[in-house]
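Read-outs throughout are calculated quantities, based only on the coordinates presented, and are distinct from any laboratory measurement. This is a predicted model, so every value here is computed, not measured. Virtual Cβ from ideal backbone geometry, glycine too; neighbours counted across all protein chains shown.
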Amino acid sequence: MSGHSSYVPSNGFTRWIDSRLPIIRLVHDTAVSYPVPRNLNYFWTFGGILTFMLVAQIVTGVVLVMHYTPHAEMAFTSVEMIMRDVNYGWLIRYLHSNGASMFFLAVYIHIFRGMYYGSYKAPREILWILGVVIFLLMMAAAFMGYVLPWGQMSFWGATVITNLLGALPVVGETILSLLWGGYSVDNPTLNRFFSLHYLIPFMIAGVVILHIWALHHVGQNNPTGVEVKDVRKDTVPFTPYATVKDVFAMVCFCVVFAWFVFYTPNFLGHADNYVRANPAATPAHIVPEWYFLPFYAILRAIPSKLGGVLFMFGSIAILAFLPWIDTSRVRSMDYRPVAKVFFWAFVIDAILLGWLGAKPAEGGYIIMARICTFYYFAYFAILLVLGLFETPKKLPASIADSVLASSKGHGAPVLAGAAAAPQTKG
Ligand code: HEM
């Protein structure tokens, strides 16, 4: 897809710039003339939404830091001051805390979209693995960010999770003392987490650039999973088609985001985090943020501490191998009727794990968590085997053909968009 540039400087000034630093050409080739499959649905707007959320988190974070004090004696009070005394401090903080949740909501939709449409398959393996790296970095950033207000959940969440790393053989103790900066979670830990929480989003931004570079090199997948064959028939230019759709989706997403911020800003948080950290009083239930719950459920489902840690990290690491685990030659689940059933069972399984992560690890809950953990990993084994035996549905000959078929079904004019769309080079 990364073919020759179609940019032509329109005047002397842009010609002068183009021959010295072809930055306008870069923007034009990636965001204007870049050809996108004409059949993309709204699930393809989440990459844009994620980019927007990353910028929003960095901007609100940088403003919060202007008022926040990373010290165990002052952190909690400085956050309360942001909420009460700083002009619009409450807004910036609620945007940032709910923004983290919205960011994870979008990334989960983005990941499940990739899994449903087989976007990880060749030649998009590196694009997918970069995504898994981003996901891990997001989790690290969110975990460390939650510690900063130095409330009860901050402190005890950090204590429980960092202690787990101590179970790792050989390196465990070293990692633990490096993270803690002492013998328990304390002021040096808060300082380290603050420093890393500020750094990681910029690392994410760097990996996102690689992610989008890889994407633009191989071109986007699409709901049929059939590659672009004829750029003139199968694609439309990014601007205005994808730009307008992305902006519309972003506005709708922001309405939901704003609803949380303005109507129920603490719904996704935990009341205990409005109580200052107290190392002498353990809360009754230590619960992480909702976006960690499925992994927390896996951790607690395994009877041994080390086993739990390995399965928890394994549940993310296994995603990186998906391009090779899934043996089917068909990408999209739309054409894999049997695999599709297992896929939706996997989605329900992940949601159930999330629910179980918030329940006490006892009785029926723990049994359910074990069954769900088993299916989580079994899904990958199923994909491995199923691809060798299943009979997929007949794929359309091309993207244009599939659009043509669905337009006919709806009585719409055949390829009306194609006639209207300016044609682009690949
Ligand atoms: C900060 C987080 C992320 C950002 C800003 C981001 C950005 C994007 C953008 C702009 C696109 C193109 C538009 C689209 O397909 O929606 C994209 C595509 C893609 N992303 Fe991400 N992404 C992020 C995280 C992830 C993660 C965590 C994964 C997987 C683990 C992932 C896997 C993919 C794949 C496979 C595609 C290609 C989709 C296709 O062509 O069908 N991304 N991403």
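Some observations on this one:
- Of K245/K394; K121/K340; K229/K394; K305/K359, those spanning more than 22 Å from alpha-carbon to alpha-carbon: K245/K394
- Taking Cα atoms only, the orientation of helix 399-409 departs from the longest principal axis of the chain by about 80 degrees.
- Förster-model FRET efficiency, 22 Å R0, S184 and T77, C-beta, rounded to 0.05: 0.55
- Label-to-label distance, nm, for residues given as N11 and V55 (7 Å Cα→Cβ offset): 2.5
- Descending Cα extents along the principal axes, the chain, whole Å: 70, 60, 43
- Sequence-separation-based contact order of the chain, relative, with Cα cut under 8 Å and 6+ spacing, percent: 24
- Extension gain (nm, one decimal) between W344 and A271, 0.36 nm per residue minus Cα-Cα: 23.0 nm
- Whole-Å semi-axes of the ellipsoid equivalent to segment 212-338 (Cα gyration tensor, √5λ, descending): 40, 27, 12
- Helical contribution to [θ] at 222 nm, DSSP H n ≥ 4, -39,500 (n - 2.57), averaged over the chain, rounded to 500: -21000 deg cm²/dmol
- For q = 0.16 Å⁻¹, Debye-computed log10 I/I(0) when each Cα of segment 293-390 counts as one equal scatterer: -0.68
- Were the residues from N278 through Y88 laid out at 0.36 nm apart, the gain over their Cα-Cα distance would be 65.5 nm.
- Two-site FRET efficiency, T174 against A361, from Cβ-Cβ distance with R₀ of 45 Å, rounded to 0.05: 0.95
- Backbone N within segment 306-322 under 17 Å of label point (7 Å from V133 Cα along the Cβ vector): 317-322
- Here segment 293-390 is assigned +1 on the Cβ of each Lys and Arg and -1 on the Cβ of each Asp and Glu. Its dipole about the Cα centre then comes out at about 100 debye.
- Both radii are taken from the alpha-carbon atoms of segment 125-264; with Rh as the Kirkwood radius, Rg/Rh is 1.12.
- Database remark: amide H of V236 closer than 5 angstrom to the amide H of V36, R38 (H placed geometrically; neighbours at sequence offset of 5 or more, or on other chains; Pro and chain starts carry no H).
- Each part reduced to its alpha carbon centroid, segment 326-394 and segment 120-154 end up 22 Å apart.
- Using a Gaussian network model of the chain in which every pair of alpha carbons under 10 angstrom is joined by a spring, one finds that among P237, P201, P169 the greatest mean-square fluctuation is at P169.
- Computed from Cα positions, the angle between helix 75-84 and the longest principal axis of the chain comes to roughly 60 degrees.
- Principal semi-axes in Å for segment 36-138 [√(5λ), Cα gyration tensor, largest first]: 36, 14, 10
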